[in-house]
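To start, the structure under review is shown below, and the notes come after it.
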Amino acid sequence: MANIIRNNRETNVETLIPLFDLGKTSPTTREVADVVRQGGADALSGAVRRADAARYQEVRCRSALNEVKGMPFQWTLNPYRGCTHGCHYCYARRYHTQFELGADDDFASVIFVKTNFVAVLRRELQSPGWRGDYVAMGTATDCYQPIEGHYTLTRRALEALHEFRNPVGVVTKGPMVVRDKDLLADMTRTAGCTVCVSVPTVDEDAWRQLEPGTAHPLQRLRAVRELVDAGVRAGVLMNPIVPGLTSRPALLERTVKAAADHGACFLGCNVMFLEGGTREHFMQWLAQNHADLVLGYERLYTGKYATGAYRKAVAKTLQVLRGKYGLDGRASSGEEAAMPPVIREARQRLLSW
């Protein structure tokens, strides 16, 4: 392998092509980045194009558990990089730039598959230094995107975590998660497991625009119901709330009610944030599809996050809606009394957003 990428500064794309024709050992992610840097995504001659038109490049990873900072959890697991769901707001788009790929179409059409992921994870779980910390799975790319049906990396990684009695949380937009409800239920009863199904909105127009490759929101909600009925602690993440497209109070309420109607154990939400890669992609998409919102976004997003006042208004509205529909651990009786003034205030801030 090393002799394939010798003379890195002088090696041309034609010399690198055999790297993906050997058919025996997948390249490392670093080697993939070197190839793309010199020849672009088209230089990935070993990437397999499937019926969904995406190209899948098998790679080897050096580690599976990824330590993160500034999050509610310390460790993440992501068996794939890139995602055919292609959500325009996805913060993980910026991670594709680490492979010298673009945060636009490349994110949804060039997917990296870590073929040795489970073996590396098992090795790390066996390490004397591993303390069995909570692990979040699917945080940088969806671990139940359609290719999981072929590789089953997520299923096998969960089996390893279960074997070691390691607590885990799963985030996904993929209804395929119900395939593993038996395992997830066992994990819920032992070390602990939580499944967060992402359903930002039940509005079909917003869904089609913002999440072009995902399953219908109601299909995802039916997955929540099936998981809960199987004994899994499963709930809904309305992440992200997209200003001007999914943020109207009446629409927020429809989504919260739908989550409650499908048995969600909890409901979380957050307003969309925009940073490198994702910001450029989303603003370009917005200009092409909702030019009337661009000026408002420039005022709302002077930095990574929407203004504090806007985020507080959204949080306050969702707090009341969770109470009304029994998703905050309190009875819903009496919550309606607090609804009108809050909704009126929210409408002032959010109706045009």
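Using only the Cα atoms of segment 88-209, build the gyration tensor, take square roots of its eigenvalues as a ≥ b ≥ c, and label the shape rounded, prolate or oblate: rounded if a/c is under 1.5, else prolate if a/b is larger than b/c, else oblate. List each step's numbers first, then the result.
Values: a/c = 2.10, a/b = 1.39, b/c = 1.51.
Because a/c hits 1.5 or more and a/b fails to exceed b/c, segment 88-209 counts as oblate.
Over segment 139-203, what number does the Rg to Rh ratio reach, with both radii from the alpha-carbon atoms and Rh per Kirkwood?
0.97
Starting from the Cα of Lys114, draw a straight line to each of the lysines and keep only those under 19 Å, dropping any in the same chain fewer than 8 residues away.
Candidates past the 8-residue exclusion: Lys24.
So what are the ³J(HN,Hα) numbers for segment 61-71, from phi and the Karplus equation (6.51, -1.76, 1.60; θ = phi - 60°), rounded to whole Hz, Gly and Pro as x?
Those phi angles translate into 9, 8, 9, 10, 6, 10, 7, 10, 10, x, 10 Hz.
Which residues' amide hydrogens lie under 5 Å from the amide hydrogen of Ser198, considering only partners 5 or more residues apart or on another chain, with H built in the peptide plane?
Distant-sequence amide H within range of Ser198: Thr172, Lys173, Leu237.
I'd like the FRET efficiency for Asp205 and Ala230, computed as 1/(1 + (r/R0)^6) with the beta carbon distance as r and R0 of 35 Å, rounded to 0.05.
The computed FRET efficiency comes out at 0.65.
Through the Karplus equation 6.51 cos²θ - 1.76 cosθ + 1.60, θ set to phi - 60°, convert the phi angles of segment 154-162 into ³J(HN,Hα) values in whole Hz; use x for Gly and Pro.
Once rounded to whole Hz, the list reads 5, 4, 6, 5, 5, 4, 5, 4, 5.
Taking 0.36 nm per intervening residue step and subtracting the Cα-Cα distance, what contour gain separates Thr307 from Ala250 on full extension?
18.4 nm
Within segment 216-251, find all residues whose amide N lies under 15 Å from a label point positioned 7 Å from the Cα of Glu280 along Cα-to-beta-carbon.
Label zone hits: none.
Please list 3J(HN,Hα) in residue order for segment 135-146, calculated via the Karplus relation 6.51 cos²θ - 1.76 cosθ + 1.60 where θ = phi - 60°; whole Hz, with x for glycine and proline.
10, 9, 10, x, 8, 9, 6, 6, 6, 10, 5, x
Read the figures in this text as sums done on the coordinates, not as results from a lab. Only a predicted model underlies this, so the values are computations on that prediction, with no experimental measurement involved. Methodologically, a virtual Cβ is constructed for each residue, glycine included, from the backbone with ideal geometry; neighbour enumeration extends over all protein chains shown.
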